[in-house]
Amino acid sequence: MIYAFPPTATDVVKLLARIGFGVVFTAHGCQKLFTVGMAATTAGFKQMGLPLPGVAAWFAALVEFLGGMLLVLGLFTPIAGTLLFLNMLGAYLFVHIGKGLFVQDGGGELVIALGLGALLIAAVGAGRYSLDHWLLTRRAREPHHHRGPDHIP
């Protein structure tokens, strides 16, 4: 038998991973939006040779900021995780590919780790300690009232 964490421990690990990855993504999005600013972010993307640098800068900033917050909350997790993965894939393909692994050399280690972490969270789900779980179980608990043709509003 293959060892696996008990369900409660698995849900705690999912929560911790969502918070860890989500905080890092949110911080990077916040940096683009508020610290560096979108004009400088767009200029940086243009200098790196990204196509449509203005669109790419806004996409990256919003996906990182909002997607990171959604990961922390565990809300729309498969969508947020997938968009964050695609954002990191773009960063790797347009900026880091061919520069080795290590970040100090411009390599892709950070975007690889963040992107694949986000994709893994998207694939395995947010876990029990998430808004996704709360919303799904709340909906399942709601009584389904069948209103037949005799129902008068």
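Quick check on ARG147: is it charged (D, E, K, R), assigned to a loop (DSSP other than H, G, I, E, B) and at pLDDT below 95?
yes
With respect to THR26, determine if the residue is open to solvent by less than 60 Å² (accessible area, probe 1.4 Å), of a type outside the set (A, V, I, L, M, F, W, C) and either farther than 18 Å from TYR92 by Cα or in a helix (DSSP H, G or I) (or both).
Taking the combined requirement at face value, the residue satisfies it.
Regarding the range 64-79, can at least one residue be identified that is of a type outside the set (D, E, K, R) and touching a Pro at 6+ places or on another chain (Cβ under 9 Å)?
Scanning the range 64-79 turns up no residue that is of a type outside the set (D, E, K, R) and touching a Pro at 6+ places or on another chain (Cβ under 9 Å).
List the residue pairs whose Cβ atoms are under 9 Å apart, where the first residue sits in the range 31-52 and is on the phi < 0 side of the Ramachandran plot and at pLDDT 95 or above, the second is of a type in the set (S, T, N, Q) and open to solvent by less than 60 Å² (accessible area, probe 1.4 Å), and the two are 6 or more positions apart or on different chains.
Correct list of pairs: GLN31/THR41; LYS32/THR41; LEU33/THR41.
Taking helices (runs of 4 or more DSSP H) that fall entirely within the range 36-138, which contain at least 1 residues that are in contact with a Cys (Cβ under 7 Å, 6 or more places away or on another chain), surrounded by 14 or more Cβ atoms within 10 Å (Cβ to Cβ) and not charged (D, E, K, R)?
Hits in the range 36-138: 53-73.
The values are calculated or read from the model by the stated rules, or taken from the named source; none is laboratory data. Since the model is a prediction, treat every value here as computed from it, not as a measurement. Backbone-built Cβ (ideal geometry, glycine too); neighbour counts: all protein chains shown. Note: accessible area is taken over every heavy atom of the protein model, side chains too, but ligands, DNA and RNA are not part of it. Shrake-Rupley method; radii C 1.70, N 1.55, O 1.52, S 1.80 Å.
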